[in-house]
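S.K.: The following block contains the structure, expressed as structure tokens.
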Amino acid sequence: MGKTIRLASVLLKCSLGSGKTDETHKIDAKKILNLLMLILLIPVIVILFRTGVGAQELFSALEGEELILRALLFLASLIIFVVGIFSCINTFYLSSNLDCLLVMPFTSAQITGAKFIVAAFYEYYISIAVIGPLLIGFGYGEGAGLLYWIGTVLTMILLPLLPLAYSAIIAMIIMRVLGGAKNKQRMTALGAFGLIFASIAYSVIGTSFRNLKQVQLEQVLDHMIQMVKNITWIFPDVPFLVNIMHGQDVLSIVFALVTIIAAMVVFLGVAKIVYLAGAIGMQETSASHKELSAEQMEKYSRQRGIVASYTRKELKTVFRTPTYYISCLIITLGWPVILLLPQVIENAIGTGNKMEWVGAITNHITEPETLFVMLFWVILLVNSFCTLLNGMAPSAISREGQSFFIMKQLPVSYKNQLKAKRNAALVICGTGGVLYMALADVYFIVAKDLPLWTMPMTILVSACIVFIMVDLQMIVGLIKPRLEWDSEADAIKMRAAFILFIIIALFSFMGLVLEWNPFDFIEISPWVFIGGFCLVLIVIAVIIDRCFYLYGVKKLEKM
Amino acid sequence: MITINQVTKKFGKDKIAVNNTTWTVPDGAITGFIGPNGAGKSTTLKMVTGVLKPDEGSIQINDADITKNPLKAKMQFGFVSDTPDNFLHLTGMEYLNFMGDAYKVPGKVRKEFIESYGKRFGIEKSLGDKILSYSHGMRQKVMIMGALIHSPSVWILDEPMTGLDPQASHELKLMMKEHAASGKSVLFSTHVLEVAEKLCDNVVIIRKGEIKFLGSLDELKAKFPAETSLENIFLELTGDGKDN
């Protein structure tokens, strides 16, 4: 046990590291970033807290407090479980320290135990930032006693462990079964399919829940009671944790702990049997050893401009590195598939509403002003989603890792290198945002008689928003780049961007739901407003672009 | 030619990594850069190649100052690092092509270079594979090719023989000799004194950031007539070698 904890502390130190690269730095940028993140987090925490209070009020009237707590913890466990599978594959198998650890005198249980602690560490972000405020809000609303608060603390500590143990077991079985595919590249495809599958499952469940809105709340509650009763056995610690908080049952503390310990024993037992077989040879990569043909030589040795060549190099690296692929590509490029597939499946099996929601929305829009307002919030939501949750720009420098010195040795100006890295991010985020929005525009214009002017406006505003956000993300990535990392996942840290996205998403949803209309405040025609708005966006984009180059070049010179 | 003029580099307030060194790497010669771990070799090479800026002094690559005119200076040299684990997700061919674009090498020239050096190093069948799949030695070979793709007049190599098989090592030594014989300069760092003894026209020995010896091997041996081997002379000059 001591060896496991010692190893976990070393792995955590390696993956969290200070990342300090500039000895002459006067201000600790990391502290400023953390502070900024904390400030950004406050509104989210407040909203979650108020949601907790609101849920308590609503469900106490229906005597469904226990049920909602169960449902909440079950949902949190489910999210941790899904996220955990990728996290475990990454930590257990794709980490660059694997080959070093395998030759050291550690048992597979010690290695997996330590890596489990590292993976759990990241899951505690969900526990602290999401579950914590909700439970505290709920307890505050209830005027809860001491045992509730003890239960809350225990829940925050224990809840991620069981779903993560499941994730780790599934990850190990996947890697064991795929014994013939022992290389990171093939895992890329697997990761992609897994994530899309999980997203579809989530989306289908979401659609089913939306259908339940047709019936009365009591009926929904009955349905939920049955459903929660039926499925919470998947996470057997959840009823005990709820009993501590709501049922004030001290004995449940023991049961919860025993459940977690049992899960850990099973996990370590499975690890002992399957981990090494999946891990050995993981770092190997297949090679064809085929000589290039004369045509291939001709094609590959064609001269290109350095910015284009550098951009291609960046994109190829991202496409071929599983961690970057998952963080930078899948969601950004795959979101329409993820959103539309359940609809397509429902239509195919004849139970769907044949895209009636599109008609409902467009029928609702009768005036260009309303359409503009709706479009604005959708554009902001989609593009902030595609850029802020994409790791390309913020990790542009960190991805170089210890090969960063090559950036300094190449006879290519820093401005051109930054431009190439920015362009690579623009290609991905632009495709995910601007291109998809333009395609959606075409559909709505052709099929749903949307005015033609929406097309150029959508493209222009989307492009400006993507451009501004990518530049801002590049600047954030330059502030404290992380060049010494243990695994590629450490190069991609997007906590601040994630929180910023949640804030923008909340505002966008509220804007959409409430139809916040700027013309209520400014009495000008929507057309003048659109023109002025685009002009302002372009000016902002140009200014931020200049700032990015000025700061970026200076920063690279200093590093 | 590399001219290092009164160069000093400090880390923090107290740690002097390189202390007011002045020396040159002449054209038409192979210069070996030798010193124990932590003596200041890597720091010096990083300053020469533009990764670090000297606190004092200047460095010229041919006629270009690496600090004042970095892009021109960087076009003059090819650098082979001691860590070949770079660009791992590109194929060998993609990496070489990227380097060709970075150094503005015309397509026809780079194609001829890749074909010729690929055969010379025996990696022509692996250029279509990812560098990640290469052995350490193969990675080193492709990095050497990338560094030399623009036919630089100055070669700077940091422990270039590490991981190379005897054939490739022999080939590289031959290339270094040919390059120097054509009137151009080679600077390489090594810990293997036998290699330095057989290959170098000049040696520079550094210890604790200061140049302890600079000159030809004959001059070095003449300075220490009592010592029978380069190893003994090296130990005499660098003390116990525990500089770090």
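The values are calculated or read from the model by the stated rules, or taken from the named source; none is laboratory data. Computed from a predicted model, the values in this text were never measured in an experiment. Cβ coordinates were reconstructed from backbone atoms using ideal geometry, including for glycine residues, and neighbour counts include every protein chain displayed.
S.K.: Which one of these is farther than 20 Å from A:MET559 by Cβ, within 14 Å of another protein chain (Cβ to nearest Cβ) and part of a helix (DSSP H, G or I): B:LYS46, B:LYS72? If you could, list the steps in order and put the result at the bottom.
M.R.: Working: B:LYS46 fails: farther than 20 Å from A:MET559 by Cβ.
None of the others qualify; the one that does is B:LYS72.
S.K.: While we're looking at this one, here's another question. Report whether or not A:LEU512 is modelled with pLDDT under 65, surrounded by 15 or more Cβ atoms within 10 Å (Cβ to Cβ) and either farther than 30 Å from A:GLU400 by Cβ or assigned by TED's automatic domain parsing to the domain that holds A:ARG422 (or both).
M.R.: yes
S.K.: Same structure again: Of the conditions (1) outside any loop (DSSP other than H, G, I, E, B); (2) among the β-branched types (Val, Ile, Thr); (3) modelled with pLDDT under 85, B:ILE30 satisfies every one except a single condition; which number is it?
M.R.: Unmet condition: (3).
S.K.: Looking at region A:294-309, can you tell me whether even one residue there is more than 30 Å from A:MET156 (Cα to Cα), in contact with a Leu (Cβ under 9 Å, 6 or more places away or on another chain), at pLDDT below 85 and not in a helix (DSSP H, G or I)?
M.R.: The answer is yes, given that some residue of region A:294-309 is more than 30 Å from A:MET156 (Cα to Cα), in contact with a Leu (Cβ under 9 Å, 6 or more places away or on another chain), at pLDDT below 85 and not in a helix (DSSP H, G or I).
S.K.: I need a count of the residues in region B:79-115 that are at positive phi and touching a His at 6+ places or on another chain (Cβ under 8 Å).
M.R.: Of the residues in region B:79-115, the ones at positive phi are B:87, B:104.
If we keep only those that are touching a His at 6+ places or on another chain (Cβ under 8 Å) as well, we get B:104.
Here the count works out to 1.
S.K.: May I pose another question? Give the number of residues within region B:71-93 that are in contact with a strand residue (DSSP E or B) (Cβ under 9 Å, 6 or more places away or on another chain) and within 18 Å of A:THR311 (Cβ to Cβ). Even if it seems obvious, please write down each step before you answer.
M.R.: Step one: of region B:71-93, the residues in contact with a strand residue (DSSP E or B) (Cβ under 9 Å, 6 or more places away or on another chain) are B:71-83, B:88-92.
Checking which are within 18 Å of A:THR311 (Cβ to Cβ) leaves us with B:89-91.
The total comes to 3.
S.K.: Any chance region A:408-418 includes a residue that's more than 14 Å from chain B (Cβ to nearest Cβ) and surrounded by 18 or more Cβ atoms within 10 Å (Cβ to Cβ)? Reasoning before the result, please.
M.R.: If we filter region A:408-418 for residues that are more than 14 Å from chain B (Cβ to nearest Cβ), which is where we start, we get A:418.
Filter again for surrounded by 18 or more Cβ atoms within 10 Å (Cβ to Cβ), leaving A:418.
Yes, there is a match, as at least one residue in region A:408-418 is more than 14 Å from chain B (Cβ to nearest Cβ) and surrounded by 18 or more Cβ atoms within 10 Å (Cβ to Cβ).
S.K.: In the list B:ALA39, B:ALA17, which residue meets the criterion of being out of contact with any Pro (no Cβ under 8 Å at 6 or more places or on another chain) and within 13 Å of chain A (Cβ to nearest Cβ)?
M.R.: B:ALA17
S.K.: Would you confirm whether any residue within region A:105-117 is more than 19 Å from A:GLY269 (Cα to Cα) and of a type in the set (A, V, I, L, M, F, W, C)?
M.R.: Checked region A:105-117: no residue is more than 19 Å from A:GLY269 (Cα to Cα) and of a type in the set (A, V, I, L, M, F, W, C).
S.K.: If you take the residues of region A:384-400 that are in a helix (DSSP H, G or I) and modelled with pLDDT under 80, which of them is surrounded by the fewest Cβ atoms within 10 Å (Cβ to Cβ)?
M.R.: A:PHE385
S.K.: Follow-up question, since we're still on this one. Output the residue which, of all residues in region B:49-65 that are under 16 Å from the mean Cα position of the chain (by Cα) and in a loop (DSSP other than H, G, I, E, B), is farthest from the other protein chains (Cβ to nearest Cβ).
M.R.: B:ASN62
S.K.: Yes or no: region B:78-95 includes at least one residue that is at the interface with chain A (Cβ under 8 Å from one of its Cβ atoms) and over 19 Å from A:PHE405 (Cβ atoms).
M.R.: Scanning region B:78-95, I find at least one residue that is at the interface with chain A (Cβ under 8 Å from one of its Cβ atoms) and over 19 Å from A:PHE405 (Cβ atoms), so the answer is yes.
S.K.: While we're looking at this one, here's another question. I need the helices (runs of 4 or more DSSP H) fully contained in region B:168-240, keeping only those with at least 3 residues that are over 18 Å from the mean Cα position of the chain (by Cα) and surrounded by fewer than 17 Cβ atoms within 10 Å (Cβ to Cβ). I'd like the intermediate steps shown before the answer.
M.R.: Details: elements: B:193-199, B:217-223, B:230-238.
Correct list: B:217-223, B:230-238.
S.K.: Could you give me the residue pairs with C-beta distances under 6 Å whose first residue belongs to region A:316-328 and is within 12 Å of A:MET392 (Cα to Cα), whose second residue is among the polar types (S, T, N, Q) and at pLDDT below 75 wherever it lies, and which are 6+ apart or on separate chains?
M.R.: Cβ pairs passing all conditions: A:TYR325/A:THR188.
S.K.: Taking region A:436-453 on its own, how many of its residues are farther than 18 Å from A:PRO336 by Cβ and surrounded by 14 or more Cβ atoms within 10 Å (Cβ to Cβ)?
M.R.: Number of matching residues: 1.
S.K.: Give all pairs with beta carbons closer than 7 Å in which a residue from region B:124-140 that is closer than 22 Å to B:GLU159 by Cα and more than 7 Å from chain A (Cβ to nearest Cβ) meets a residue that is assigned to a loop (DSSP other than H, G, I, E, B) and aromatic (Phe, Trp, Tyr); count only pairs at least 6 apart in sequence or on separate chains.
M.R.: If the second residue must be assigned to a loop (DSSP other than H, G, I, E, B) and aromatic (Phe, Trp, Tyr), the pairs left are B:ILE131/B:PHE87.
S.K.: Next up: Which condition number in (1) small (Gly, Ala, Ser); (2) farther than 17 Å from A:LEU241 by Cα; (3) surrounded by 20 or more Cβ atoms within 10 Å (Cβ to Cβ); (4) under 26 Å from the mean Cα position of the chain (by Cα) is the one that A:ALA129 fails?
M.R.: That leaves (3) as the condition not met.
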